[in-house]
Each structure stands twice: as C-alpha cells, then as structure tokens.
1. Just wondering, is there one or more residues in the stretch 620-643 that are under 37 Å from the mean Cα position of the chain (by Cα), farther than 15 Å from G541 by Cβ and free of Cβ contacts under 8 Å to residues at least 12 places away in the same chain?
2. For the stretch 428-507, which fully contained helices (runs of 4 or more DSSP H) count at least 2 residues that are under 18 Å from F176 (Cβ atoms) and at pLDDT 95 or above?
3. Are any residues in the stretch 298-318 within 16 Å of the ligand (Cβ to nearest atom), touching a helix residue (DSSP H, G or I) at 6+ places or on another chain (Cβ under 9 Å) and either over 30 Å from L368 (Cβ atoms) or not in a loop (DSSP other than H, G, I, E, B) (or both), and if so, which ones?
4. Taking the conditions exactly as written (surrounded by 23 or more Cβ atoms within 10 Å (Cβ to Cβ) and at negative phi), does V536 satisfy them or not?
5. Scanning for something modelled with pLDDT of 95 or more and either within 16 Å of the ligand (Cβ to nearest atom) or within 30 Å of V158 (Cβ to Cβ) (or both), does the stretch 73-89 turn up at least one residue?
6. Take the conditions assigned to a loop (DSSP other than H, G, I, E, B) and either assigned by TED's automatic domain parsing to the domain that holds E280 or under 35 Å from the mean Cα position of the chain (by Cα) (or both) and apply them to E398. Does it pass?
7. Out of the residues in the stretch 152-175 that are assigned to a helix (DSSP H, G or I) and in contact with an Asp or Glu (Cβ under 8 Å, 6 or more places away or on another chain), state the one that is surrounded by the fewest Cβ atoms within 10 Å (Cβ to Cβ).
8. Return yes when R110 is within 12 Å of the ligand (Cβ to nearest atom) and in a loop (DSSP other than H, G, I, E, B) and no when it is not.
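The values are calculated or read from the model by the stated rules, or taken from the named source; none is laboratory data. Remember, it's a predicted structure, so these values are computed and weren't measured experimentally. We place every Cβ from the backbone using ideal geometry, glycine too, and count neighbours over all the protein chains shown.
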Amino acid sequence: MSDQSRKGAVDSTDQPLTTNQGVPLADNQNSLKIGLRGPTVLEDFILREKITHFDHERIPERVVHARGAGAHGWFECYADLADLTRAAPFQGAGKVTPVFARFSNVAGERGSADTARDVRGFAVKFYTDEGNWDLVGNNMPVFFIQDAMKFPDLVHAVKPEPHHAMPQASSAHDTFWDFVSLTPESTHMLLWQMSDRAIPRSYRMMQGFGVHTFRLVNAAGASVFCKFHWNPLAGTHALVWDEASKLMSADPDFHRRDLWEAIEAGAYPQWELGVQVFTEEQASQFPFDVLDPTKLIPEEWLPVRVVGRMTLNRNPDNFFAETEQVAFCPANVVPGIDFSNDPLLQGRVHSYLDTQLSRLGGPNFHELPINAPQSPVHNNQRDGMHRQAVDRGRVSYEPNSLGGGCPFQAGARGFQSYPEHVNEDKVRGKPASFAEHYAQARLFYESQTPPEQAHIAQAFRFELSKVKTLAVRARVVAHLVRVAPDLAATVAEGLGMEVPAAAPLGDLAPPPPYAPSPALSLLARPGTTGAATRRVAILVGEGVDGAGVRAVCAALLRARAVPLLVAARLGPCAVAGADSIEPDLTLESAPSVLFDAVIVPDGAQRGTLAGAGQALEFLRQQFRHCKPMYAWGGGAALLAAASLPVDSGSARSDPALLVAAHANDDATLNAFLVALAGHRAYQRETDPPRV
Ligand code: HDD
C-alpha cells in the first residue's frame, strides 16, 4: 500500500539549515546590523524571509469543526459487494483501501477544549483506486435541520454571540436555544445532543454515521439506497458531564491525546462499517421520508449489514500538513456511490469545496499530499495559486486532436450520475412528508436506559438554566412535552417553571408511537476490547504494599489496561515488600478526571496520602463519576476517610466499589477488571450527587 502522508515528507536529519531558496545559513541567531548595537539593515534577506514566512503561518480555521484530530489507516472489505455497488473499496473480500480519518468538535474554535458538550465530526477519506471518496459524517445519525438553506442560521446561532464572542465551544446560551426553539425539526437532534453521545469518553469509543440516505450503484447501473454506520470495536462509552467540564481544564487535549497515545501504544482503534440497504419501494413504506436528515431508520426495522473494518494505525507526521490541511467534501464520491435528493446533502455538495477555496487559499489544494488521490489525475484544469503539477504539452482542452484526444473520457468506466427520473415543478418549499418532528425524538428518549434518560434531563436543565430569556426556555420545554411529558416535567422543575402547553402541531395528527429501539442506547454496545486502554490510577505513597502494587500492575497490563502510579510527589517512594517504586504522576498534575478507575493499596491510609486533600478529592470524584474503585487491606480506610460508603450495604450493592482483604484476592481483582470493561457504575448516581 502506498503511503499517503509521506508524500512530500522532509527529513532534516544530518542536513544544514538553509533559506527557502536552499542557501546554506551560517548564522540563524543574529540579524545583520550596522555595529552590534546599531540598526538592522533592510538588506537582511535572511531575517526578512524568516519573519515574513512566520507572519503568514496561520490559515483561517474551519468555519465549523475547527478543532479536531486525525490519523492514517486502512479500510478492509469483509465481502464482495459488487451486486450492490461498483465502488472500489467494496470489490472483493480482503480488499484494502488507505484512509485518513479526522474527528472534530463542531462549535468550538481551533484552540478550544475537547470535552465540550457537542456533536463530533467523523470524517473519513478513502484513497480508492478510482479517486477519493469522503464519507463526511457525525457521531449522531440525524441533524438539526432539513434543508441546507438553514445551515448558516444554525451555525450563527450556536457559535459565540457576535457582540461579545461568548460563550466558547458551548451551545448553552440564548441564541442557540432561541433558534432551535423556533425550529421544531431540531427536536430529535437536540435529544441526541443532550445525551451522553455529546460527551464521548474517546473518539475511539463513538459511532459514526453518514447521516443522509446515499445511493449505491452497481456496474449494471442498478441502484439501492444506503445509510452508513461506523461501530467502534472498543464499544460506545461516555464521560459524565461533571467530569467532562472538569476535563476542559485538566486536559483540554483529552480526546486528541487519547487518540494519539492509543496509536503510539499499538492499540489501534478500529470500527466496523455497516450499511442499511433499502429499495425505493421499502423507503415508501416507512412512516417518514428517507430524504429527511432528521430521521433515522431503526436497526430493528432494517438491520445494519457489516461490510468491512477501519483500522487507524499511524499518527500524522505533521499536524498542520495533514490534519489541518485535509479537506473533506461530501461531493467527493467515486463510481458506485451517489447522492440522494436529501436537501441538506444537496447543499453540502456545494459548501465544502467552496469554503476550502478560501481556507486553503486557492483552487489547487487537491494537490496537497494529504488531499491528493492515490489514483492518477489527468484533466485540462490549469494554473491558479500554488499550482504544483507541471503539465506538459500545448493541449489543455477537450476535444482535441493535437494531444491525440487525451486525456479521454472514460465512458462506461467513469463516474455516471444515477439517471433518476424526475418530473416535477421547480418550487421552493418542503414536502409534507418532512412535517412530523416528535415521533423519533420520543423513540430516541424511550430507547435510552434510565441513567441515560436522567443525563438527558440534566443536560437540558444545565443548558436552559444558562439561557436568560424565559420565553425561550418555555418554548423548548413545550417541544419536550411533545416528546416525553416526564422529561418536560423534570426539566421544568429544575428550571423552576410551570410545564407549558405542548408545542402546537398545526394540522398534523399526533405522531405515531414507535416501539423502542434498544440499539439506540450507548449501553447496548459494550465493545469487544474489554478493559484495554483504560487508564487506572494506583495511589501510592511511603509504606504502601509495594509487592501488591506490582502484582496488580501486572494483572492490569495483562488486560491491556494502562496502570499509572499517582503520588503526592515525584521521586522514589519507599514501599513495603518490594524495592522502592517510582510514581508516574502527581495528584497535583493528574487529577481524578484523567483516569477511568482508581486502586488504593494497603498502606495508602497512612502517611502522605492520608493527609493530602487532593487524594480524598480524587477518590470522591472517582466515586461521583461512577468509576470502578478497588482497595485492599487498609486502603479501604482511605475510601472511608473520603466519606465513601465503603462499609455500608450500598458498597456491597455497588459492583464497581470493590474491597479485598489482600492484594492476591483474584476474584475481587477480576470483578474490578469486569467493572473496568463495563466502564461506569451509573447505579451509583443520585440527583443531586451525594459527593
Ligand atoms: Fe458540515 C465541515 C459533517 C452539514 C458545511 N461538516 C464538516 C466536517 C464534518 C461535517 C465532519 C469537518 C470535516 C473535517 O474534519 O475537516 N456537516 C457534517 C454533517 C452534516 C453537515 C454530518 C449533516 C448531516 N455542513 C453541513 C451543511 C453544510 C455544511 C448543511 C452547509 C450547507 N461543514 C460545512 C463546511 C465545513 C464543514 C462549512 C467547514 C470546514 C469544511 O467544511 O471543510 O463546509
């Protein structure tokens, strides 16, 4: 497989410094002056070149999805799909296609924090044998609006308010909720955005969706509709909101670092690609329009067929050259993939290339190594800013005879738009089949487990309590009355307001009830990688059971988890039953939110840890954030000192709060590993929290 990003790579090992003109530099430290204390001369081309380049280093950030992280990898097809599509990545089991994936937040600026409550972008560029195919999706399968015409309004509403540029990376402000409260079609997406999907534990642990209905087209020209799904092998796991907000200061790069470290450690993130394939006939049977991007097709109605797997195995060599300059575009399709008439998708087909022309400074950004296809490019497009290709000959038009007719049209081998029959009037408007907005919002809510439902209510309460305009709050809750009266009542109660009348339906009949779809719960997808890559803090200090710590570390490593020794101070620590141990991190620099679980060894109840407020706070936060906790011997006393219910009945009914008499209690340690793989003990939660 060719190596996309290493095209154009520069290695300066053993090379002298030069100017951009290749002139070797004798002195890169001092400018040229008239006397050592005198003025600098205009002639100093070395200084001017260096400063001028620096002055132009920044490019505009993406108008949305500005903050993100990416990685290289490949896609492997499980089975030949030629009956459905001629798209190159699906031609034969074992077919491998290089990819570059970028995950992103939507609202925040390039330097904002990763764990803001937000939709996440999930964009994959397939460098196929027949050109680039970009699947530019999100981690939620529906969207806020039905027509691209409303996209600038949506984005203006959610971005920081224009008069004072606040708040950063947050939808919790008046303009966003004003817009969505007046846009009932947003209701379904709002339920997703207020759910735990908006605070993923890791990019590696979130689903991706193409959102729109697309077309697959086979070599005979026959077409079916298709929805794309990415399912992470690590399972779908989320943060809790209090943790996510604390993480914004503890590590604003939390998701970026997580992706980077997993790949560096060889724990390559993987997702399976699935398709929901259906005919126009089937589409006409659904009680919603498949061209409406605020609707999903429940998996229980139409199973997701798994067709391949993506593995991300290599971090970028250079963030700017690759992750910042990569340009995804839903219009980048290949023979075998085509658009549907979804009016949101139709607008996207225009927007991306257009925005990239200004973001990347001209029409030749497809030549940047990260964007260049791996299949050959031949056409008569010429010139423009920063052109790299040196096109030879005098022919740059078609048809021609002087160039032997080349490059020639590929005919049946080339991309051909699916010849859908359309016989309609040209009108501005929206179909009646797009009018119903609550049934799927209710489906989503009713398909969540009780803790997930509670988190949705808390998220609405949090966001709306930041909205100052009472009428806006009331309009949002009026939509929630249509979705789920109990949700509306809980949110209204938190906001200290009466439950308003349900939002008006106009002439529409009340929405049809759907049976719940368990597949819509995050908890339905625990994944197959168990405790692997989970970060476990082991609190250590003078006199802890060193032999026990070693044994527990070994067990965690066997489970491919990441044990880290956290102490009050760095430097060797004298321990019982072993040589001294070397802590990795301190309580000061590595607070609780950076870990998935904590272990408290025997001996931790004495000495520096017992007197350290940060240690007690660490344990309380681990408890509050529902994380697995394991103590042995006297270590349990530190949990008790943190006022955790370690001796009470509730501890015994909490499968993630585990206490053993000694370190070699394998059954308890195994129960801890099971809890670690299970991620969170939500049954511990109370509203308000106990600690
Ligand atoms: Fe978009 C970026 C996903 C609707 C216009 N979008 C962007 C990215 C993702 C999405 C993942 C970042 C790509 C990257 O990593 O570089 N966008 C979506 C999804 C949508 C959606 C899943 C609905 C289903 N977007 C949408 C609409 C429009 C845009 C309706 C405009 C009509 N999106 C853009 C953009 C961006 C973009 C302004 C900003 C930077 C860029 O394209 O390259 O063109």
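1. No, that holds for no residue.
2. Details: elements: 439-446, 450-465, 470-483, 485-495.
In the stretch 428-507, 450-465, 470-483, 485-495 are the helices (runs of 4 or more DSSP H) which contain 2 or more residues that are under 18 Å from F176 (Cβ atoms) and at pLDDT 95 or above.
3. L312
4. Values: surrounded by 23 or more Cβ atoms within 10 Å (Cβ to Cβ): yes; at negative phi: yes.
Yes.
5. Initial filter on the stretch 73-89 (modelled with pLDDT of 95 or more): 73-89.
Going one step further and asking which of them are either within 16 Å of the ligand (Cβ to nearest atom) or within 30 Å of V158 (Cβ to Cβ) (or both), we end up with 73.
Looking through the stretch 73-89, at least one residue is modelled with pLDDT of 95 or more and either within 16 Å of the ligand (Cβ to nearest atom) or within 30 Å of V158 (Cβ to Cβ) (or both).
6. Numbers: assigned to a loop (DSSP other than H, G, I, E, B): yes; either assigned by TED's automatic domain parsing to the domain that holds E280 or under 35 Å from the mean Cα position of the chain (by Cα) (or both): no.
No: the conditions fail for E398.
7. Narrowing the stretch 152-175 to residues assigned to a helix (DSSP H, G or I): 152-158, 174-175.
Applying the additional criterion that residues be in contact with an Asp or Glu (Cβ under 8 Å, 6 or more places away or on another chain) yields 157, 174-175.
Working: A157: 21, D174: 15, T175: 18.
It comes out as D174.
8. Values: within 12 Å of the ligand (Cβ to nearest atom): yes; in a loop (DSSP other than H, G, I, E, B): yes.
Taking the combined requirement at face value, the residue satisfies it.
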